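Some notes on the structure that comes next.
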Amino acid sequence: MLSRLKDSVIGIVLWLFFSLSGVLCWVAIKLSVFKTLWKLFSSCANFLFKKEQAFREYTPTAHDIMVCSFGKSGTNWVLQIVTQITGCGNMEFKHIHSVVPWVETQHLSYTVGLKEPTYRKSPLGLRAVKTHLEATYVPWREDVKYITIIRDPKDVIISAYYFAIAMIPLLKLMPLNDFIEIFLGGDTLFGSWA
């Protein structure tokens, strides 16, 4: 019950955050200050999630396969492959996040927790862990396996653009060229692609 209430409150806060962001984006486009607003939005998102604290309560183990990538690079596709290999073909789950912890969303109940020993369900004793954090924030250990995904930045930009529009529909008003300029400037929720 408390978990549902917590998820509802978090959901309402996120909805308000994205709704307000959408309104602010529309105003910013009209005032031609979208880039400044986008930096503010990214700063707020980064303030809400402190990258340096992502692994403060968890140290990766030999059971973990860290799938590390910049957002919109095909991460969930790779997670599906890794999960199918570690599960010896068993793919019976509702959503990939019900079996794969996602470091940046540990506060949401739809994501399995980092501390949950989901690797015990795997015949190989392994599990994937998803993160979009930069390498400097991901703990390094020799007994942990790491997979890095690098996708053509042109494809990442287009995927990120349409994902952003799906999240904040008013972004349709922003020309793709402006989004590309913002992306190339490194002002994204995931930092700089390079």
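Of the conditions (1) open to solvent by 80 Å² or more (accessible area, probe 1.4 Å); (2) within 17 Å of ASN76 (Cα to Cα), VAL103 clears all except one; give me its number. Result: VAL103 passes all but (1).
The residue of the range 159-180 that is surrounded by the fewest Cβ atoms within 10 Å (Cβ to Cβ), among those that are of a type in the set (A, V, I, L, M) and free of Cβ contacts under 8 Å to residues at least 12 places away in the same chain, is ALA166.
Residues that are assigned to a loop (DSSP other than H, G, I, E, B) and in contact with a Lys or Arg (Cβ under 9 Å, 6 or more places away or on another chain) were ranked within the range 113-129; the one that is most open to solvent (accessible area, probe 1.4 Å) is PRO117.
Within the option set ILE85, ILE81, being hydrophobic (A, V, I, L, M, F, W, C), over 30 Å from SER192 (Cβ atoms) and either assigned to a helix (DSSP H, G or I) or open to solvent by less than 20 Å² (accessible area, probe 1.4 Å) (or both) holds for one residue only, ILE85.
Whether a residue is at pLDDT below 75 and either under 19 Å from the mean Cα position of the chain (by Cα) or open to solvent by 40 Å² or more (accessible area, probe 1.4 Å) (or both) was assessed, and LEU24 passes this test.
Applying the criterion of being over 19 Å from ASP143 (Cα atoms) and not hydroxyl-bearing (Ser, Thr, Tyr) to the residues of the range 63-78, the residue that is most open to solvent (accessible area, probe 1.4 Å) is TRP77. Checking each residue in the range 130-147 for being in contact (Cβ under 8 Å) with a residue 60 or more places away in the chain and either assigned to a loop (DSSP other than H, G, I, E, B) or more than 18 Å from THR188 (Cβ to Cβ) (or both) picks out HIS132, LEU133, GLU134, VAL138, PRO139, ARG141, ASP143, VAL144, LYS145, TYR146, ILE147.
Residue by residue, here is whether (1) farther than 19 Å from LEU79 by Cα; (2) in contact with a Leu (Cβ under 6 Å, 6 or more places away or on another chain); (3) at pLDDT 90 or above; (4) aliphatic (A, V, I, L, M) holds:
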site	(1), (2), (3), (4)
SER122	no, no, yes, no
ARG127	no, no, yes, no
TRP140	yes, no, yes, no
ILE147	no, no, yes, yes
PRO153	yes, no, yes, no
ILE168	yes, no, no, yes
LEU173	yes, no, no, yes
ASP178	yes, no, no, no
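Taking the numbered list (1) in contact with a helix residue (DSSP H, G or I) (Cβ under 8 Å, 6 or more places away or on another chain); (2) closer than 21 Å to GLU57 by Cβ in turn, PRO117 passes all entries but (1).
The values are calculated or read from the model by the stated rules, or taken from the named source; none is laboratory data. Source: prediction; values computed, not measured. No Cβ is skipped: glycine too gets one built from the backbone with ideal geometry, and neighbour counts run over all protein chains shown. Accessible surface is based on the protein model in full, side chains and every heavy atom, while ligands, DNA and RNA are left aside. Shrake-Rupley method; radii C 1.70, N 1.55, O 1.52, S 1.80 Å.
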